[in-house]
Structures are given as C-alpha cells and as structure tokens.
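Only one structure is covered here, and it is reproduced in the block below.
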Amino acid sequence: MTIDELKQMAADQAAAQLKDGTIVGLGSGSTARLLVASIGKRVQAGLKIIGIPTSELTADQARGLGIPLSTLGEYPSVDVTIDGADEVELGTLDLTKGGGGNLLREKIVAAASARLVIIVDDTKLVPRLGTRFRLPVEVTQFGWQATARHLTNLKANPQLRMHGGQAFVTDGQNYILDCAFGPIESAAALQKELDSVVGVVEHGLFIGMTSEVLIGTAGGVKRLDRQSPQLAR
C-alpha cells in the first residue's frame, strides 16, 4: 500500500467517529486534506458538525465540500481536533508538527480542544522526537536573523524555510526556522528553552496534548492512547 493509502485508512476511521453536533478542529497539511475529504463525504450524507479550520487552505477545502465552518470566537471550546503529525514519539505520544507551516494555529485549536486525535501512517512513529524531521520554529519576520542566532546558541542549526525562491510566510505572517536538534532527549526541557527565546512565536513541540493516535498500517488501522502509548510489534 502507498503512504497515502495508509493515511487514508486512518483518516476514514477518524471521520467515522464523528457524531451530529460535534465541534471539530480541522487540521492542516497533506494528511488533514485526506481527513477533510472524508468528513466532507459524511457531511454530504447528512452529518451535522461545525468545523474550526487551522489554516486558510483547510478552510477553502472545507467550504468547497460544504462543511459548515466557524471560529474559536464563536466556539471557544472544541470537542475534538483531528490532525496529522510529522513525528509521534512512542511511549509519550508527544509530537512534532509544522511541516505544513501551520503550527501556530494548529496548537491554538488543539489547546482549546477536549481531545486531540492524530492520524498518521506508521513511518511517523519514532523512539525520540527529532529523529526523522527538523523541528519547525515560527518566528517574527522582524529581526528573524537575531532570533536565528539565539537558536544557534541552542545548537539548533536553524534554516529559514523557503518557498518558490522566497522566504515561506505562514498564515500569521511569520517566518519558519527549521531546526536540526537531532534526537531530543527531553522535549520538555527544549520546550522551556524555546519559549524563552525572544522572537519565537511558537514551535512544533506538542507535548502532553495527544489523546489518541490512529495509525495506518499494512495490517489495518492501529490505535494508541494515553493508557497504551507503545505500539505492539
């Protein structure tokens, strides 16, 4: 099976859990696009939900599928957010996110949610965060070079994310510095250090937020939660 087919399996199972009246945070990125398509089919079949999109691209896709949308201003408490992740750490279910460039809005919506359900394929499972992907750090455009120097002092090896030959700009009009920390021994300690850097708006460490992970595998969809955070082999 292809990676997209594995992710689609997980997305379909997550969409199937939704019930009428649910306020749903809609994630961003390639996996979330598959999810929103699955939810769209359910809405067209009669499911009644309200979606809170985490990016402009997600909002555009959802509108095109007829999914009713609102904002955190109208619904400050979200029942469940469903999103993808760049990495899921076995044993903790901590995440790295932001490969799609929407980590700030994703984290705001996730923090407002009673549950955060993550959908991934099994290549996203890692023993330590930072094993396979750089950590995205969203920074202000103003003085981003000075912020990058502070991150260099944390041994981040930051690289300004580019798109089409120009600096990538988030929906919040910020830049992203992709940081190569390598395998992260303590995500909590790194989070504290990043939070202290002036110019950092947000980072892609999602610690202690995950309620459930649905994993598309060749053998079907596997599930991890806080009570069983280690995948049986």
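The values are calculated or read from the model by the stated rules, or taken from the named source; none is laboratory data. Bear in mind the structure is a predicted one, so any value in this text is a computation, not a measurement. Positions of Cβ are backbone-derived with ideal geometry, glycine not excepted, and every protein chain shown enters the neighbour counts.
If you check Ile119 against the conditions, is it assigned to a strand (DSSP E or B), at pLDDT 95 or above and either more than 9 Å from the chain's Cα centre (by Cα) or within 27 Å of Val169 (Cα to Cα) (or both)?
Yes.
Residues of region 170-185 that are surrounded by fewer than 15 Cβ atoms within 10 Å (Cβ to Cβ) and of a type in the set (Asp, Glu): Glu185 alone. From the residues in region 51-102 that are under 19 Å from Ala37 (Cβ atoms) and of a type in the set (D, E, K, R), which one is surrounded by the most Cβ atoms within 10 Å (Cβ to Cβ)? Going through the qualifying residues, I end up with Asp83.
Restricted to region 122-157, and to residues there that are under 30 Å from Glu212 (Cα atoms), of a type in the set (A, V, I, L, M) and part of a loop (DSSP other than H, G, I, E, B), the residue that is farthest from the chain's Cα centre (by Cα) is Ala156. If the condition is being surrounded by fewer than 21 Cβ atoms within 10 Å (Cβ to Cβ), of a type outside the set (S, T, N, Q) and within 20 Å of Ala111 (Cα to Cα), then region 195-207 contributes Asp195, Val200, Val201, Ile207.
Among the residues of region 1-35, just one is over 15 Å from Leu69 (Cβ atoms), buried (at least 24 other Cβ atoms within 10 Å of the Cβ) and hydroxyl-bearing (Ser, Thr, Tyr), namely Thr31.
Among Ala114, Ala188, which is under 23 Å from Gln230 (Cα atoms), surrounded by fewer than 17 Cβ atoms within 10 Å (Cβ to Cβ) and in the same structural domain as Ser77 (by TED's automatic domain parsing)?
Criteria check complete, one pass: Ala114.
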